[in-house]
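*Asks:* Dumping the structure here so I can ask a few things about it.
Read-outs: derived from the displayed coordinates by stated rules, not from any lab. Because the structure is a prediction, the values reported are computed rather than measured. Counting neighbours? That spans all protein chains shown, and the Cβs are built from the backbone with ideal geometry, glycine included.
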Amino acid sequence: MIGFYVHHQGRGHLHRAACIAAQVQSPVTVLSSLPKPPSWRSDWVSLPPDTDDDPVDPTARGRLHWVPAHHPEHRERMGVIAEWIRRQRPALFVSDVSVEAATLARLMGTPVVVAAMRGDRGDEAHRLAYDLADALIAPWPQSLPEPDWPAHWHAKTLHTGGISRYDGRDVRVRDTDDRLREKEVVVMLGAGGADLATGQIQAAAQATPDWSWTVLGGPHSPWVDDPWPVLCRASVVVTHAGQNAVAECAAARVPAIVIPQDRPHREQHATAHALRTAGLATVLDSWPPPHAWTDLLETAAARRDRWERWSTGDGARRAGRLLTELARRAGKRDACAPR
C-alpha cells in the first residue's frame, strides 16, 4: 500500500499523481482535499480544508509552511492523515506536495518520497522535507538541473522529465508552413490562478487580426477537462510556466510562448529560465504590449520542435517503477520486523 498526498492548488498535482499511480504495481490511496474525480478507481481519503485568512503563527517561526496554531480544521486534517497511516501501515508515503504531510508520515516511521519543485527551496521547511525523503521525484530532465541543490539531494533524485496525462498519445507534429497557414493561438491558463487581465488577451487578439485566439481556463473562460485536441491543432500555445502546463505543451509538441507567473519560491521563474536556457520555448518576462504580438507569434510558430529534450514520454512509468521498488523493499523490511 502506498499513500499519495495531493495538494489542492490547481490540477497539475492531481494529474501527475494519476499518471504515476497508474504505473505503480501496488495499491495507491490518494489523500487530498480535492474532490475525488470520477476517473479515479482506487481508494480516496477526503481531507478537510484548513485555509484561514488570519492564521496564528502559520510557519512555526519559519520552520514549516502551514501549521496554524489552534486551528481545528488543520488539527483534523493532520489527524485524518495520521489515523490512515496508523490503520493502513503503508509501505511508502508520497507527498505532492506538502512539507507537513511528508514530515508527519516520516515521524510515524513511514518512508517518504517527495515530489520536488523548482525554485528557491533553501528555506528551513523545504530543507527538512527534502532531507528526510528517501527519494525525490523531479519532473524535469536531468540535463537541466536545479543549480543550487546540494549534492545529497541530487544523489537521491529521479529526474523523470515532464510528466503529462497525454504522454503516449499519438500526436501529429506539424511543420512550420502548416502552423503559419492555420494561425491559431491557444492561451492556456489552467486552474491555479492567473496574473492576467481579460483585457490584455482581448487587446492582443485585436492587434493580430490574422490569428484566431482560444482561451482555456482562467477566471473568465470555461474550464476544459480535456484540452488535448485544442493543443494539437494550435499553431502556438501561450501559457504560464507551471510544471503541468509545460508538460502538456511538450506532450503535444506544440510551440509555446511561456510567461512565468509569480509563485512562492519563484518556481515558475526557475522553470522559465530552464526553458530559455535550452531553447525549448519563447520565454517572456511579462505579458507584452499588443503591437508586439504579431512578430512574437510568427517567430514562435516557426520554432523547431525540441520538446523531446524536456520529455520523452516515459516519466510516469519511471516514477512508477521507483515507487514500486521502494514499496517492495519497505514491505520486506516490515515483514521481517518484530511484532
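*Asks:* Hey, rough spin-label estimate for residue 9 and residue 306, points 7 angstrom out along Cα→Cβ, what's it come to in nanometres?
*Replies:* 3.0
*Asks:* May I ask for the equivalent-ellipsoid semi-axes of segment 2-139, computed as the square root of five times each C-alpha gyration tensor eigenvalue and listed largest first in whole Å?
*Replies:* Semi-axes (√(5λ), whole Å): 22, 18, 15.
*Asks:* Let me know the shape class of the chain, please: from the alpha-carbon gyration tensor, a ≥ b ≥ c as square roots of the eigenvalues, rounded when a/c is under 1.5, otherwise prolate if a/b is greater than b/c, or oblate. Intermediate values should be presented prior to the final figure.
*Replies:* Numbers: a/c = 2.02, a/b = 1.70, b/c = 1.19.
In terms of gyration-tensor shape, prolate.
*Asks:* How much length, in nm to one decimal, is gained on full extension between residue 276 and residue 83, taken as 0.36 nm per residue of separation minus their Cα-Cα distance?
*Replies:* Numbers: separation 193, 0.36 × 193 = 69.48 nm, distance 4.49 nm.
Going from the current span to full extension adds 65.0 nm.
*Asks:* For residue 207 and residue 44 in one chain, what is 0.36 nm times their gap in residues minus the Cα-Cα distance, to one decimal in nm? Provide the component values of the computation, followed by the final result.
*Replies:* Numbers: separation 163, 0.36 × 163 = 58.68 nm, distance 4.73 nm.
Net length gain for the segment: 54.0 nm.
*Asks:* What spacing in nm lies between the two simple spin-label points modelled at residue 156 and residue 333, each 7 Å away from Cα in the Cβ direction?
*Replies:* That separation, rounded to one decimal, is 1.0 nm.
*Asks:* If you don't mind, there's one more thing I want to ask. Which of the three applies to segment 230-302, rounded, prolate or oblate, going by the alpha-carbon gyration tensor with a ≥ b ≥ c and a/c under 1.5 meaning rounded?
*Replies:* Values: a/c = 1.79, a/b = 1.21, b/c = 1.48.
Oblate is the answer for segment 230-302, as a/c is 1.5 or above yet b/c matches or exceeds a/b.
*Asks:* For the pair residue 180/residue 132, report the inter-label distance in nm, with labels modelled 7 Å from Cα in the Cβ direction.
*Replies:* Placing both labels 7 Å beyond Cα along the Cβ direction yields 5.6 nm.
*Asks:* For segment 19-42 and segment 110-175, write down the distance between their C-alpha centroids in whole Å.
*Replies:* Result: 20 Å between the Cα centres.
*Asks:* Something else: Sorted by mean Cβ packing within 10 Å, highest first, what order do the peptides 27-40, 117-130 take?
*Replies:* Working: 27-40: 16.4, 117-130: 18.5.
So the peptides 27-40, 117-130, ranked by packing, come out 117-130, 27-40.
*Asks:* Then there is this: Let me know the shape class of segment 186-294, please: from the alpha-carbon gyration tensor, a ≥ b ≥ c as square roots of the eigenvalues, rounded when a/c is under 1.5, otherwise prolate if a/b is greater than b/c, or oblate. Provide the component values of the computation, followed by the final result.
*Replies:* Working: a/c = 1.28, a/b = 1.19, b/c = 1.07.
Because its axes are fairly even, with a/c under 1.5, segment 186-294 counts as rounded.
*Asks:* Return the calculated 222 nm mean residue ellipticity for the chain, to the nearest 500 deg cm²/dmol, obtained by summing -39500 (n - 2.57) across DSSP H runs with n ≥ 4 and dividing by the residue count.
*Replies:* Values: 12 runs with 125 residues, N = 339.
The per-residue figure over the chain is -11000 deg cm²/dmol.
*Asks:* How would you order 231-244, 268-281 from highest to lowest mean count of nearby Cβ atoms within 10 Å?
*Replies:* On the way: 231-244: 23.9, 268-281: 20.2.
Taking the mean over residues of other Cβ atoms within 10 Å, the ranking is 231-244, 268-281.
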